[in-house]
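Asks: Provided herewith is a single structure, encoded as structure tokens, for subsequent inquiry.
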């Protein structure tokens, strides 16, 4: 019987021949991911339900990647990292990436594939809604709460409902200046913030094939902003090459059937797409950047699991090389590996860090989630007033970056860079061509 | 303990569409760990602290309990983050049920898994049929909600496949009842 990639992965994880949308099934989990804001509560649930002396189901399958509140004086944030540290030691967890040590990585959704924990065909559950990022590598990946995560920690299993699939077929060639973030903001704009509720968002077509792995991650990362349960892209040669550069562990890719029934299919010719922003206060408030040039900005922000990968900084640097920003421009590489890339990666002999410094950006911050979600008051980039911010992050909800009076526009790294130079929302194509 | 046969009566707090988890519990309070009892209570004191200015206070200043027992909402309640702090802060503040036109998936799931609040779906949009401060009565067995203040009654959508999990008080109760994990000693 024909099935989608999501249905096939879930069927295999449930030990069944076939599963259908709407089925409630118990699945085996391959990776459980948690971090500093949900890990302590997950551990609390695990101990409450299984006992203080209980052992986790499989230490090799748990990745604890603190990333949210790292560079802050907040004492509870430090206490929470200590809780993770003590638990990792007591349970002898090999994959705890400890802040302040050489093992620290940074933003969990960029770190997880970097560290080889994401493999096609596997099931990844994480206590963070952007866990859907990992579908970019052909995994089933979705966000869960602390209670479900505590359950997984003890049993390796979870009861899940098989989602219907919405298929997005993206063909054509992206115009210069238009990138993955523009694709996903356009889709969310079209279907709305609840347009994919409970559904798998499957992305395919020649435009997806042409994207790099990191750009595919940007697309799957924001599936949750349309309410999606997971985003997923079938593995191809690029995927397999990426995975093999990151892990020696064996895996079996899973592919969907072309004739599998889906709930709906959306077709796009991406050659018609344009640089865009999502206006405050919803990611679905799509508008072409060129139509909002009257919006004056106070800040630009490049960072997060959505827009803080090396590719994102390369795009911004390509634009900022030889130009000057006119507003405060905050740069937060997602991970230590990305931060190192800012030093080693060069354009015409200049490192990205040098390009950003010459352009007048603020000094690059250490890797973490930083102000993407506001965080403690002393977080780098935290909004404190009525700032108007353009950002490569994923959510522009009211108060998201720390101040209810602030306005956040979401955009691609190129559009953010162009706007940082202009001081107002700008279409990067105007300057790319000049 | 949650039960699908009970009556929930109390004062209503009304919000509209797309109430996201940053409005339900702003990220600056995520340093609180819900399984630590006094931090659980503190989460209650911050429930709905992210709503824009102009909304009536959900939890009176200096307290950790809300005078409201029922939240009535529009579409896509709880969108955004997977933070379980969201249903937990509502439960900690004393909310027993949310009645929304639709839910974001993870919020709904977390509400069911924790047993903190009933996430109930209404057949029709109710956020204009209730005003904050109205008294409502939910009859879980009859799948109905009555606005006691106006006298009007409305249908609720039966919980369907999640009913046994709600009935069991959450995912752990359900897993123990069905033999997925062993009963407590």
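Asks: Output the residues belonging to the range B:166-185 that are assigned to a helix (DSSP H, G or I), away from chain A (no Cβ under 11 Å) and surrounded by fewer than 17 Cβ atoms within 10 Å (Cβ to Cβ).
Replies: The answer is B:177, and nothing else.
Asks: Being surrounded by fewer than 19 Cβ atoms within 10 Å (Cβ to Cβ), in contact (Cβ under 8 Å) with a residue 12 or more places away in the chain and within 12 Å of chain A (Cβ to nearest Cβ) is the filter here; which residues of the range B:26-42 pass it?
Replies: Matches in the range B:26-42: B:42 only.
Asks: Further question on the same structure: With the requirement that a residue be closer than 13 Å to residue A:418 by Cα and part of a loop (DSSP other than H, G, I, E, B), what does the range A:296-322 give you?
Replies: A:297, A:321, A:322
Asks: Given the residues A:88, A:14, which is the only one that is crowded, with 19+ Cβ neighbours inside 10 Å and more than 14 Å from chain B (Cβ to nearest Cβ)?
Replies: It is A:88.
Asks: Among A:287, A:325, A:277, which is the only one that is over 18 Å from the mean Cα position of the chain (by Cα), surrounded by 15 or more Cβ atoms within 10 Å (Cβ to Cβ) and not in a loop (DSSP other than H, G, I, E, B)?
Replies: A:287
Asks: Filter the range B:43-82 down to the residues that are closer than 29 Å to residue A:228 by Cα, part of a loop (DSSP other than H, G, I, E, B) and away from chain A (no Cβ under 14 Å) and list them by number.
Replies: Answer for the range B:43-82, where residues must be closer than 29 Å to residue A:228 by Cα, part of a loop (DSSP other than H, G, I, E, B) and away from chain A (no Cβ under 14 Å): just B:47.
Asks: Filter the range A:43-53 down to residues that are more than 9 Å from every other protein chain (Cβ to nearest Cβ) and in contact with a helix residue (DSSP H, G or I) (Cβ under 6 Å, 6 or more places away or on another chain), then give me how many there are.
Replies: 1
Asks: Among the numbered criteria (1) over 19 Å from the mean Cα position of the chain (by Cα); (2) in contact (Cβ under 8 Å) with a residue 60 or more places away in the chain; (3) over 30 Å from residue A:403 (Cα atoms), which single criterion is violated by residue A:232?
Replies: Just one mismatch for residue A:232, condition (1).
Asks: So residue A:174 fits all but one of (1) touching a residue at least 60 places away in the same chain (Cβ under 8 Å); (2) more than 9 Å from every other protein chain (Cβ to nearest Cβ); (3) farther than 21 Å from residue A:113 by Cβ; (4) touching a strand residue (DSSP E or B) at 6+ places or on another chain (Cβ under 7 Å); what number is the exception?
Replies: (4)
Asks: Consider residue A:422 carefully, then state whether it is more than 14 Å from chain B (Cβ to nearest Cβ), surrounded by 24 or more Cβ atoms within 10 Å (Cβ to Cβ) and closer than 26 Å to residue A:274 by Cα.
Replies: It is false that residue A:422 is more than 14 Å from chain B (Cβ to nearest Cβ), surrounded by 24 or more Cβ atoms within 10 Å (Cβ to Cβ) and closer than 26 Å to residue A:274 by Cα.
Asks: Let me ask something additional. I need the full set of residues from the range A:126-144 which are facing chain B (nearest Cβ under 10 Å), outside any helix (DSSP H, G or I) and in contact (Cβ under 8 Å) with a residue 60 or more places away in the chain, in order please.
Replies: Across the range A:126-144, the qualifying residues are A:126, A:127, A:128, A:142, A:143.
Asks: Another question about this same structure. In the list A:25, A:62, which residue meets the criterion of being surrounded by 19 or more Cβ atoms within 10 Å (Cβ to Cβ) and either without any contact (Cβ under 8 Å) to a residue 24 or more places away in the chain or touching a strand residue (DSSP E or B) at 6+ places or on another chain (Cβ under 9 Å) (or both)?
Replies: Matching residue, one of A:25, A:62: A:62.
Asks: While we're on this one: Under the condition of being out of contact with any helix residue (DSSP H, G or I) (no Cβ under 7 Å at 6 or more places or on another chain) and within 9 Å of chain B (Cβ to nearest Cβ), which residue from the range A:145-158 is farthest from residue A:239 (Cα to Cα)?
Replies: Of everything passing the filter in the range A:145-158, A:155 is farthest from residue A:239 (Cα to Cα).
Asks: Does residue B:76 satisfy the condition of being without any contact (Cβ under 8 Å) to a residue 60 or more places away in the chain and out of contact with any helix residue (DSSP H, G or I) (no Cβ under 7 Å at 6 or more places or on another chain)?
Replies: When the stated conditions are applied, residue B:76 passes them.
Asks: Tell me, yes or no, whether the range B:125-136 has at least one residue that is within 12 Å of chain A (Cβ to nearest Cβ) and free of Cβ contacts under 8 Å to residues at least 60 places away in the same chain.
Replies: no
Asks: Given the structure, is residue B:118 away from every other protein chain (no Cβ under 14 Å) and surrounded by 15 or more Cβ atoms within 10 Å (Cβ to Cβ)?
Replies: In short, yes.
Asks: Criterion first (part of a loop (DSSP other than H, G, I, E, B) and under 21 Å from residue A:9 (Cα atoms)) does residue A:231 satisfy it?
Replies: no
Asks: Something else about it: Looking at (1) surrounded by 15 or more Cβ atoms within 10 Å (Cβ to Cβ); (2) under 23 Å from residue A:147 (Cβ atoms), find the lone condition where residue B:163 falls short.
Replies: (1)
Asks: Let me ask something else. Just one of (1) facing chain A (nearest Cβ under 7 Å); (2) crowded, with 24+ Cβ neighbours inside 10 Å trips up residue B:18, so point out which.
Replies: Unmet for residue B:18, out of (1) facing chain A (nearest Cβ under 7 Å); (2) crowded, with 24+ Cβ neighbours inside 10 Å: (2).
Asks: Going through A:337, A:377 one at a time, which residue ends up being outside any loop (DSSP other than H, G, I, E, B), outside the structural domain of residue A:130 (by TED's automatic domain parsing) and surrounded by fewer than 19 Cβ atoms within 10 Å (Cβ to Cβ)?
Replies: One residue alone meets the criteria, A:337.
Asks: Also, I was wondering about something else. Tell me, which strands (runs of 3 or more DSSP E) lie completely within the range A:1-90 with 2 or more residues that are closer than 30 Å to residue A:261 by Cβ and under 26 Å from the mean Cα position of the chain (by Cα)?
Replies: A:24-28
The values are calculated or read from the model by the stated rules, or taken from the named source; none is laboratory data. For clarity, every value in this text was computed on a predicted model and none was experimentally measured. Cβ: placed from backbone, ideal geometry, glycine included. Neighbour counts: every protein chain shown.
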